[in-house]
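Presented below is the structure to which this report refers.
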Amino acid sequence: MEQIIQFFKSKSPLVFLILGVLLIALSYFMEKKLPSVFMGMRLLAFITIIYGLIKFFNKK
């Protein structure tokens, strides 16, 4: 658990924004076949992007 917390604290906000965009792009391929996975990935991408934005604006 400590490693997960350390990962979120040590990465830059740009990494989280890029990760969120990649999750959105990957989720489009699963939209028709697995709608529940699609929604889960979109939710995770939204949370990741919001976390990155909050971290970016708190940094300045």
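Where a number appears in this text, it was derived from the coordinates with a stated rule and is not lab data. Computed from a predicted model, the values in this text were never measured in an experiment. Cβ placement follows ideal geometry from the backbone for every residue including glycine, while neighbour counts extend to all protein chains displayed.
State the number of residues belonging to segment 1-50 that are basic (Lys, Arg) and surrounded by 12 or more Cβ atoms within 10 Å (Cβ to Cβ).
First, the residues of segment 1-50 that are basic (Lys, Arg): 9, 11, 32-33, 42.
Imposing the further condition that a residue be surrounded by 12 or more Cβ atoms within 10 Å (Cβ to Cβ) reduces the set to 11, 42.
Result for segment 1-50: 2.
Residue 53: under 8 Å from the mean Cα position of the chain (by Cα), surrounded by 14 or more Cβ atoms within 10 Å (Cβ to Cβ) and either touching a residue at least 24 places away in the same chain (Cβ under 8 Å) or part of a helix (DSSP H, G or I) (or both), yes or no? The answer is no for residue 53.
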